[in-house]
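Step one of this worksheet: look at the structure below.
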Amino acid sequence: MNNYVEDYYNNNAENEWNRLTNPYTFIEFISTMNLIEKYFPSKGDVIDIGSGPGRYSIELLKKGYNVTLFELSNEELQLAKSKIECKNLKAEEYICENALNLDKIESNKYDAILLMGPMYHILNEEDRNKVLRESYRILREGGIAIIAYLNSWGCLKAGVTEFSSVFSDINNVYNYLDNQQFDPSTSFTNLYMATPPKALKEVSDVGFKVISYAGAEGFLSGIEDKIVELSKENEIIYNNLIKVASETSEYPQYRDATEHMHIVVKK
């Protein structure tokens, strides 16, 4: 992870805060909260690695967890602090640091970990393994982590409506069937997309036991325009679809083909 990633998020902190309020991306938020409620311990110390502007940290604080925010972007971290304090909540600590530097955290410190952004941006496999190994080290025995990857198979599906022009070259269609890397010359910043088997192998190889995994967008993946349209035209239908898509995000028939893949693991 390099300065391109830090610069991007420093320049887009407010956009990141608003991202999960979009009628489509809101599915990701609800699915993630469902996984937290289902698998996290009922109380304890949590570190939100790649916390961004604190959308999940705030929800964790509301539930009574002791939350540490660990974030590369100082602008996002300051926005998170402001949002948290406005709600009269109090985080344990705000750490502005690269996820590659988790070695600064003491071992066996946390009951649960959210690792929801860094794996999207680390192109080097050895670096990704380092983040995963360090996450394993700082998690207490029996602790739970939710680790998010961008899923290249799901992004291929979404790309049909979101960026179909790149598929004028048939090689680009085939490329999405494998792991994908993009640097700032071809994307807004560093991006890494993994196939589900690759992502599952990476987390297993460092010692984590995979409990489950989910495709955050569920059966609504890849139809953003229609979901946004429904949110405006028929709120009842929209809410019903969001509810069921998030509740069924772990179903095998959906989880391998969504943009965001959330892996639930245990130490």
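The values are calculated or read from the model by the stated rules, or taken from the named source; none is laboratory data. Just so it is clear, the model here is predicted, and its values are computed rather than measured. All Cβ positions, even for glycine, are placed from backbone atoms using ideal geometry, and neighbour counts span all protein chains on display. SASA here: full protein model, heavy atoms, side chains in, ligands and nucleic acids out. Shrake-Rupley method; radii C 1.70, N 1.55, O 1.52, S 1.80 Å.
Here are the numbers for the structure shown:
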read-out: Distance violations [Cα-Cα > 22 Å] among Lys90/Lys266; Lys81/Lys209; Lys87/Lys232; Lys43/Lys267; Lys130/Lys201; Lys62/Lys267; value: Lys90/Lys266; Lys81/Lys209; Lys87/Lys232; Lys62/Lys267
read-out: Solvent-accessible area per residue for the chain (1.4 angstrom probe, square angstrom); value: 45 Å²
read-out: Accessible area, probe 1.4 Å, largest first, for residues Asp256, Asp7; value: Asp7, Asp256
read-out: Accessible heavy-atom area order of Lys198, Lys232, highest first, probe of 1.4 Å; value: Lys232, Lys198
read-out: Zone of Glu14's modelled label, taken as backbone nitrogen in segment 54-71 under 19 Å from a point 7 Å along Cα→Cβ; value: 54-55
read-out: Space enclosed by the convex hull of the alpha-carbon atoms of the chain, per residue, Å³; value: 124 Å³
read-out: Debye equation applied to the C-alpha atoms of segment 1-70, log10 I(q)/I(0) at 0.11, 0.15, 0.24, 0.26 Å⁻¹; value: -0.31, -0.56, -1.14, -1.21
read-out: Cα convex hull of segment 64-132, projected area averaged across orientations, nm²; value: 5.1 nm²
read-out: Segment 188-267: equivalent-ellipsoid semi-axes (sqrt of 5 x gyration tensor eigenvalues, Cα, Å); value: 29, 15, 9
read-out: Proximal aspartates and glutamates to Lys63, defined as alpha-carbon separation beneath 16 angstrom and excluding residues fewer than eight positions away on the same chain; value: Glu37, Asp45, Asp48, Glu85, Glu92, Asp111
read-out: Nearest-10 value in Å² for the accessible area of Phe182, using the 1.4 Å probe; value: 40 Å²
read-out: Carbon plus sulfur fraction of accessible area for the chain, probe 1.4 Å, in percent; value: 47 percent
read-out: At R0 = 22 Å, FRET efficiency that the Cβ-Cβ distance of Lys81 and Asp7 yields, to 0.05; value: 0.60
